[in-house]
Amino acid sequence: MTAPGATAVATAQFDPGATWRLHPQVALRPEPFGALLYHFGTRKLSFLKNTVIVAVVRSLGEHDSVRDALRAHGIDENAERPYLHALRTLADSHMIVPA
Amino acid sequence: MTSLLEPPVTSAPPKVGRLVDQFEKGLDAPICLTWELTYACNLSCVHCLSSSGKRDPRELSTEQCKAIIDELQRMQVFYVNIGGGEPTVRSDFWELVDYATEHQVGVKFSTNGVRIDKKVAARLAASDYVDVQISLDGATAEVNDAVRGPGSFAMAVRALENLSEAGFRDAKISVVVTRENVDQLDEFKALADKYGATLRITRLRPSGRAVDVWDDLHPTHEQQRQLYDWLVAHGEGVLTGDSFFHLSAFGGEGGGSLPGLNLCGAGRVVCLIDPVGDVYACPFAIHDNFHAGNILTDGGFASVWKNSELFRQLREPQSAGACSSCNFFDACRGGCMAAKFFTGLPMDGPDPECVQGYGQSALEGERTVPQSSVDHSRTGKRAERRTPQAPVPLTLLTKPPAKFCDENPLAGL
Amino acid sequence: MSDRDNAVIESELIEESLVEEVSIDGMCGVY
C-alpha cells in the first residue's frame, strides 16, 4: 500500500465556520439507522447514528460553512453541540477534510 | 431569496444506541467478508481451518469471480479478505485483485508468502488498496514449522523481507495463538516491528483440520490469562480480529473488554464465500450446519445474504441459554459458535474455553465431535495429518485436477 | 468512582454520541 495520504497531513483544526467536505477516499453507505463511512486510505470505519447527521455530512461541500449546513438541516444553536462533536470526531479521523 | 418554507422541524432523532446492537440484527450487506479463492495449497498446516490442499474441480472461473466482485461493489461491501488455501496459486489472482480494487472493493489477501518475491513485492508497494497478510505461527522456525511444515518459516520471513525492502508499508503478520507459541508474543511483536509490519493475533478454533489437534494445541486456562494480560499491557497497535472477546470476562465486572466490537459477526456483518461459491456464516464454520446457500444455484451472493434461512436465524436475538445466569454474559456473549460446534458442545451452552471454567466441565463430559464433509486435504489419513507435510512445489499445482478423487497432486501432468 | 461506574458512563457516552468508530479488523469472523 502506498501512503494513505490522509495521515501525511496534520489534522486541520476543526473550524465550523469554514467549508468542509467528505474525504474523496471515503465511501458512505446509507443504512436504515444512519450510515457507515469507510476510509479506504486509513481503513477506519465510522458509524453515523442518525439520518440527519448523514444528510449534513453529505451536503457539507455544498455549504460555505459547517454551520450553514447544520442550519439548512434544521439544527439550530440549541441542538448543534452533539453534531459539532460528531463532526469534530470525523475531522480527527480525516473522514471529512477542509474543502 | 428567502424561502417561504419553514426549515424542517427536527424533533430529537430516535436514539440508535450502540453500533453493536445494530450489527447483531444484521445489515443489508456485509461490511467485509472472507473469500477463499481456492482450496489448493502448497502447504498442509495441521490446523488449517479450511482443510485445504487439493484444488476442487468445481472451483469458480475467472468470470464467475468477477461477477461476485460486481455484486460486492453494488452492495458496497468495503473490502474482501482473500484467502484459501493459498490464493496466489491461482493464475488469475492478480487479475482478480486488480478487478476488485478497480471496482471499489478493497482487498487484503492472506498468504503463506510462497509467491511474494521481489518483483511481486514491488508491484504491491506500488498499488493502492491492497493489503497483505502473511501467516506465521511461530516466532522461530522450530515452533512455526511444527505446525506449518518444513521451510515455511523461512518462506514467510523472505516474503516479509521482500515487502519491507520494496517499500510496502504496514503488511500484517497473522498468528494463530497456540499452546506452543503463546510464550513468543513479545518475539512476534519484535518481528513485526523489524519489518515495519503490524502484528495480528487470532484465536485457534477447532475448525477444519484443527478438529484433530485442538485438544493439544489450544491454550490452557493459565495461558489464556497470560494472553489476556499481554493484550491489556502490550496490545496497543496489535490487531486481534475481535477474536478474543470470550476473554473479556478476565477483566472483572464492569470493565476489561478488549477493543473491538466483542460481537460474533457471522451472518450479520461478515461471512465466507468459498472456492466453489458456497456461502457459510464464517470461515471457521465450513460445515453443512452453517451453510447459507450457493451463489450459483441461489441467485447470486446478494440473494443468499438477504434471503438465507440460516442467516435469518442468526440475525434474531440469540438466547443466552445456559449462560444466562453468568455475570459475564454481556462481555462474552456465549463465545464462539464454531468453537462450540466443533468440540461437540451445545450451541446454547458455554464456550469450550470459557474463562469461568464452565466449558472445561462440558469438555470432560460426553460429546461427539462433528467432522466436515468439506475436506480438501491432500492426505486422507487423519493420523498422518498431525505432522505437516513438506511443501508441494508450486509448478505442480497450476493445473486443476481431472477428477475429484485425484489425491496425487501430480495427477494429470 | 468504581470501575463499574466508569464503564456505565462510557457506555452512555457512546450511546448518546452521533458517531462511533471501530477498526475494520475489529469484527469477528474474517481472517
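We did not get these values from a lab; they are worked out from the coordinates using the rules stated. These numbers were taken from a predicted model, which means no experiment stands behind them. Using ideal geometry, Cβ is built from the backbone for each residue, glycine included, and neighbour counts are taken over all protein chains shown.
Other chains' Cβ within 10 Å of B:75-81 residues: what's the mean? Mind dumping the intermediate values first?
On the way: counts 1, 6, 2, 10, 5, 1, 4.
Partner-chain Cβ atoms within 10 Å, mean over residues of B:75-81: 4.
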(request) With springs only between Cα atoms under 10 Å apart, run a GNM on chain B and tell me which of B:Leu19, B:Leu163, B:Leu227 wobbles the most. (result) B:Leu19
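Based on DSSP H runs of at least 4 residues, each adding -39500 (n - 2.57), what is the mean residue ellipticity at 222 nm of chain B after dividing by all its residues, to the nearest 500 deg cm²/dmol? Before the final figure, lay out each step's value.
Working: 14 runs with 122 residues, N = 413.
It comes out at -8000 deg cm²/dmol, rounded to the nearest 500.
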(message) Using Cα springs under 10 Å in a Gaussian network model of chain B, which residue among B:Ala121, B:Ala383, B:Ala100 shows the largest mean-square fluctuation?
(response) B:Ala383
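Sorting check: for B:142-151, B:370-379, which peptide has the highest mean count of neighbouring beta carbons within 10 Å, and how do the rest follow?
Numbers: B:142-151: 19.0, B:370-379: 16.6.
So the peptides B:142-151, B:370-379, ranked by packing, come out B:142-151, B:370-379.
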(request) Provide the percentage of antiparallel DSSP beta bridges, counting only those with both residues in chain B; round to the nearest 5. (result) 15
(request) Could you give the size of the charge dipole of the stretch B:164-229 about its Cα centre, using +1 on the Cβ of each K and R and -1 on the Cβ of each D and E, expressed in debye and rounded to the nearest 20? (result) 340
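Contact order normalised by length for the stretch B:199-288, with contacts defined as Cα pairs under 8 Å and 6 or more residues apart; what percent is it?
On the way: 81 pairs, mean separation 23.6, N = 90.
It comes to 26 percent, rounded to a whole number.
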(message) What lysines does B:Lys306 reach when the alpha-carbon gap must be under 28 Å and sequence neighbours fewer than 8 apart in one chain are set aside?
(response) A:Lys44, A:Lys49, B:Lys15, B:Lys25, B:Lys66, B:Lys108, B:Lys340
(request) Among B:Ala285, B:Pro391, B:Ser303, pick out the residue whose Cα is farthest towards the positive end of the charge dipole of the protein assembly as shown, where Lys and Arg carry +1 and Asp and Glu carry -1 on C-beta, about the Cα centre. (result) B:Pro391
(message) What does the C-alpha gyration tensor say about the overall shape of chain A? Classify as rounded when a/c is under 1.5, otherwise prolate if a/b is larger than b/c, or oblate.
(response) oblate
(message) Taking the number of other C-beta atoms within 10 Å as the exposure measure, put B:Val276, C:Val19 in order starting with the fewest.
(response) B:Val276, C:Val19
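Report, as an integer, the average count of C-beta atoms from other chains found within 10 Å of each Cβ along A:45-55. Walk me through the numbers before you get to the answer.
On the way: counts 12, 5, 11, 4, 15, 7, 3, 4, 3, 1, 1.
Average neighbour count from other chains, rounded to a whole number: 6.
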(request) Could you compute the FRET efficiency for B:Tyr358 and B:Asp193, with r as their C-beta to C-beta distance and R0 at 41 Å, rounded to 0.05? (result) 0.60
(request) Please state the charge dipole magnitude for the stretch B:37-130, taken about the Cα centre, from unit charges on C-beta atoms (+1 on K and R, -1 on D and E), reported in debye and rounded to the nearest 20. (result) 320
(message) Using a 10 Å cut-off around each Cβ, can you sort A:His94, B:His47, B:His234 from fewest to most neighbouring Cβ atoms?
(response) B:His234, A:His94, B:His47
(request) Considering only B:Gly365, B:Gly293, B:Gly167, give the residue with the highest GNM mean-square fluctuation for chain B, with springs between Cα atoms whenever their separation is below 10 Å. (result) B:Gly365
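For the ranges B:103-110, B:206-213, what's the packing order if you count other beta-carbon atoms within 10 Å of each residue, average per peptide, and put the highest first?
Numbers: B:103-110: 21.2, B:206-213: 22.9.
Ranked by mean Cβ neighbours within 10 Å, highest first: B:206-213, B:103-110.
Could you list B:Phe244, A:Phe47, B:Phe284, A:Phe14 in order of exposure, starting from the residue whose Cβ has the fewest other Cβ atoms within 10 Å?
Details: B:Phe244 24, A:Phe47 21, B:Phe284 31, A:Phe14 18.
Taking fewest neighbouring Cβ atoms as first place, the list is A:Phe14, A:Phe47, B:Phe244, B:Phe284.
To the nearest whole number, what is the average tally of beta carbon atoms from other chains within 10 Å of the beta carbons of peptide A:28-41? Could you put the intermediate results ahead of the total?
Details: counts 1, 8, 2, 5, 5, 9, 7, 0, 9, 3, 8, 2, 8, 2.
That works out to 5 on average.
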